[in-house]
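Here's the structure we're looking at; comments come further down.
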Amino acid sequence: MELRRRQALTGAGGIALGGLMPGLAFGQGAPQRGGTLTVQIVGEQRVLNPAIQASTGVYVMASKMVEPLVDLDAAGEPTGVLAERWDSAPDGLTHTFHLRRGVTWHDGKPFTSKDVQFSAMECWKKILNYGTTLYLFLEAVETPDEHTAVFKFSRPMPQGLLLRALPDLGHVIPAHVYEGADIRANPANTAPIGTGPFKFVEYQRGQYLLAERNPNYWRGNGLPYLDRIVWRFISDRAAAAAAIESGQVQFSPYSGLSLSDIARLSKDARFTVGTKGNEGNTAHTVCEYNLRRKELSDVRVRRAIAHALDLDFFVENFLFGYARLGTGPIPSSSAPFYVPRPAPYPFDKARAEALLDEAGYKRPSRNGQRFAQPLKLLPAPWGEYTLNFATFIQQSLREIGIRVEIEARDAPGFLTGVYRNHDFDLTTGWHQYRNDPAVSTTVWFRTGSPVGAPWTNQYGYDNPEMDRTIDAAATELDPARRKSLYQDFVKLAIDDLPVHMAVEHAFISVYSKRLMNSHTNPRWASSSWADAWLAPA
Amino acid sequence: MMRLAALALRRLAQSLPVLAVILVGLFLLLQLAPGDTVDALMAQMGGGSAEDAARLREQYGLDAGVAVQLGRYLLRLASFDLGQSAIYGKPVASVIGERLAVTALFMSCALAFAFAAGLVLGVLAARRVNGWPDTLISTLGLVFYAIPSFWLGLMLIVLFSVKLAWLPPGGFETIGAGLTGLARVADIATHLVLPVVSLALIFLAIYLRLMRASMLEVMSLDFVRTARAKGLPEGKVLRRHVLRNALLPMVTFVGLQFSTMLGGSVVIESVFSLPGLGRLAFESVVQRDLNTLLGIVLVSALLVILVNFVVDLLYARLDPRIGA
């Protein structure tokens, strides 16, 4: 069988931000009821339950059916969904959520605080990826009445961190469906029952997922507008572009098309193409250094490699301009934590060569190679960004006398090679920022991650000062002090450079101009789409 | 009938060792691929803790040694249990069952089209050998043969779906249309036109060349001259004497090509988003879903054995000298 055609896993399975229901948007005419929205999905998911699996691939489908406690509004601020409001004790150990009344599950049963308790204690804390870390110190969720859920932590939890994590790590599933049996084996994991604007209809493996309008949706006011949503699994990106162009599909989320097709369709008047509405899903394309390799353990060598990359050229010619230079591990889209700064390692070949000379790796006249052995580079198979970046690094480093050998692998092979066996010198990678540095960013720099945990510090980087800064920031309750601690963190990360956060980008959406009220919050593709509507063809 | 059943059983028994070697070999081969299905799941999730991974490995039975896993698999197989699919969380048998119908329909259409068109074009070319129809047909055949099927598929989509909007660009049927009966058949048929043509053209080229050569060879034999000498009209000579004998190599080839087509459909199924076995196999490799992959290989191997058995029976029909 011909199984060689490799297919990159899309989008690196990132996690997303929140989505508010901004009532009606202006300037698009009156919303119309009806219609079927068809969405392209590159890869199928094993489960459609966002309470046990946190990834954009799950949210883009399941979050129309299952809702979180809190989402983000148009300005990126937390706004209540299943929670109406919340208050926190000054010690940061108790957070009380006042739940929305009159909400029912798709099966007709009422939504209560017991569902929140069950979801938090049994799913978010025990099973959900990133949730198991975030809720590690969650001791209990108390339910004084049916509409109040009190989260009790044994270690201070900053309110901002909790609220910004909840849109991703706070989806509520019905306790009465899941209780008393193996949660992972529950059939509702692939046939979700939630409180959302759309109800699950059917899931045909390899073909499509279909959901229809929930007529009893709690927001009322005629919401949702769409009658049905169809998610079609189209793994071939060229075929997906054809499906969009023929009008069969109206929306391709999360950079689901090839970059060259995206650039082509951006010139087509029928489509909107861009990163707006994806700011909450900002990621970095990175270069990780294995500090176990002698040459790379010298920070001057790592800096030299960073200086050797003409990233402006890379963004313009490889990423068609849909990116900007990275300025550290906290991206510019993160309003509460970002402090503007220039890209730390501007392209400077002379400086790169000088740094290498200084580190003792002179360019011998014999073969021009500074290192005795070439560097082994494993390109991350997360799509064009990381694959192209690997080639770009290889060619850039040849200019300064470093030979790089590329060893391409598929996803399981890559994760095993880099994060479990540490069998690499350089690797390109994908750092997904998830609204707060404590969710999934600081683990890239802190020591202590067990061997094999993907997307963590597996390059042998160890700086006690870094660990102290990270731990202090994670429990700091004062927002201003927290922000300043994360500035120290960014500075250390840039100076030590165990990983170079080279390029920063949001996912790219391609959608028909018929799709209205869309991309109205920073994580729109992962939000509920209750007020989206389709203009007539 | 009894003889036929006995023959089928004997064939199956002869194939068992081959099947066992294929399955064990594949199982061991896949152990060489770095990473397992939990790594693939982690990639999909965008991360997870080491404890999560360990618990999942236990759940999938990956914490045991290779020999133990293989032993477990073979034991299950002996009781006709293909195991659980890691990707879909369902029994492998039902996952394959869902896909088999699509692939079978799609492939038999492609095979039938390639065979019929190849036969007709081959006969036409042979009748006017070295004339303009022969040159035209042979050139076309060469072009079809040279075009990669995925590219052809994409170009057909661009032309017939994007530009002309005559046919749907992919999928197996219109989603949620609730069609039944003939309307559904017609709907599926319009969805299958482009993928069938894309897959069939390469094979058509092969059948065409084969048929032409085979016709020319048989036409030069003595019994054809005899048939002509006794005054049979040319059409009757071709139909009754030449065609029937020339078909033998074609039929052999169908059996051989059946397995190639299973592989060829991976690409076409991806391009046209068809929910077939090829795409399932591809997905299983990418996701390291061992049970599903082994299940597909087993089913495919059984299919190939079955088709070759039918081909043998056909021989006997076409040429009584071969006998059963």
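A few notes on this one:
- Scaled against the 2.2 N^0.38 Å expected of a compact globular protein of N residues, the Cα radius of gyration of region A:282-506 reads 0.98.
- Burial of 30 Å² or greater, region B:286-324 residues [accessible area, probe 1.4 Å, versus chain by itself]: B:286, B:288
- MRE, 222 nm, helices only [DSSP H, n ≥ 4, -39500 (n - 2.57), over chain A, to nearest 500]: -6500 deg cm²/dmol
- Size of electric dipole in region B:222-324: Cβ of Lys, Arg +1 and of Asp, Glu -1, about Cα centre, debye, nearest 20: 760 debye
- Counting charges near residue B:81 (Lys, Arg +1; Asp, Glu -1) among other residues having Cβ under 14 Å from its Cβ returns a value of +3.
- Environment charge of residue B:276, counting only residues whose C-beta is closer than 9 Å and scoring Lys/Arg +1, Asp/Glu -1: +1
- Assuming charge only on the beta carbon of Lys and Arg (+1) and of Asp and Glu (-1), the dipole of chain B about its Cα centre is about 1740 debye to the nearest 20.
- Debye log10 I(q)/I(0) at q = 0.06, 0.09, 0.12 Å⁻¹ for chain B, Cα point scatterers: -0.29, -0.63, -1.00
- Relative contact order computed over chain B (Cα-Cα under 8 Å; 6+ residues apart), in percent: 25 percent
- Distribution of pairwise C-alpha distances over the protein assembly as shown, 20 Å bins, in %: 14, 42, 31, 11, 2, 0
- Between 0 and 90 degrees, the angle of helix A:479-496 with respect to the longest Cα principal axis of chain A falls at about 30 degrees.
- Rg to Rh, two decimals, where region A:143-272 supplies the alpha carbon set and Rh follows Kirkwood: 1.06
- Interface area, B with A, accessible, probe 1.4 Å, both sides summed, Å² nearest 100: 4700 Å²
- As computed over region A:406-494, the Cα convex hull volume per residue (Å³): 98 Å³
- Largest GNM mean-square fluctuation across B:100, B:75, B:210, computed for chain B with C-alpha springs under 10 Å, falls on B:75.
- Order of exposure, largest accessible area first, which applies to B:135, A:36 with probe 1.4 Å: B:135, A:36
- Stokes-Einstein diffusion for region A:290-398, with the hydrodynamic radius set to the Kirkwood value over Cα pairs and evaluated at 20 °C in a medium of 1.002 mPa s, equals 138 µm²/s.
- Residues of type lysines that residue A:276 reaches as a straight line, Cα spacing below 30 Å, ignoring anything fewer than 8 places off in the same chain: A:64, A:199, A:267, A:483, A:491, A:513, B:163
- 10 Å Cβ shell holding at most 15 others, DSSP loop, trypsin sites (Lys or Arg not before Pro): longest site-free stretch of chain B: B:1-127
- Helix-only [θ]222 nm of chain B, DSSP H runs n ≥ 4, -39500 (n - 2.57) each, per residue, nearest 500: -25000 deg cm²/dmol
- Chain A - percent relative contact order, Cα under 8 Å, separation 6 or more: 24 percent
- Counted over region A:357-455 with a bin width of 10 Å, the fraction of Cα pairs per bin, in whole percents, is 14, 37, 32, 15, 2, 0.
- Region A:141-174 and region A:356-388: distance between their alpha carbon centers, rounded to Å: 47 Å
- Quick note on region A:230-298: its Rg to Rh ratio, both from C-alpha atoms and Rh being the Kirkwood radius, is 1.20.
- Rounded percent of accessible protein surface that carbon and sulfur make up, the protein assembly as shown, 1.4 Å probe: 59 percent
- If you take all other residues with their beta carbon under 14 Å from the beta carbon of residue A:479, and give Lys and Arg +1 and Asp and Glu -1, the sum is 0.
- Accessible area per residue for the protein assembly as shown, computed on protein heavy atoms with a 1.4 Å probe, is 39 Å².
- Whole-angstrom Cα spans of region A:67-180 along principal axes, big to small: 37, 34, 27
The values are calculated or read from the model by the stated rules, or taken from the named source; none is laboratory data. None of the values given here were measured: they were computed from a predicted structure. Because the Cβ atoms are built from the backbone with ideal geometry, glycine has one as well, and the counts that use them run over all protein chains shown. Areas reflect the complete protein model, heavy atoms only, side chains present, ligands, DNA and RNA absent. Shrake-Rupley method; radii C 1.70, N 1.55, O 1.52, S 1.80 Å.
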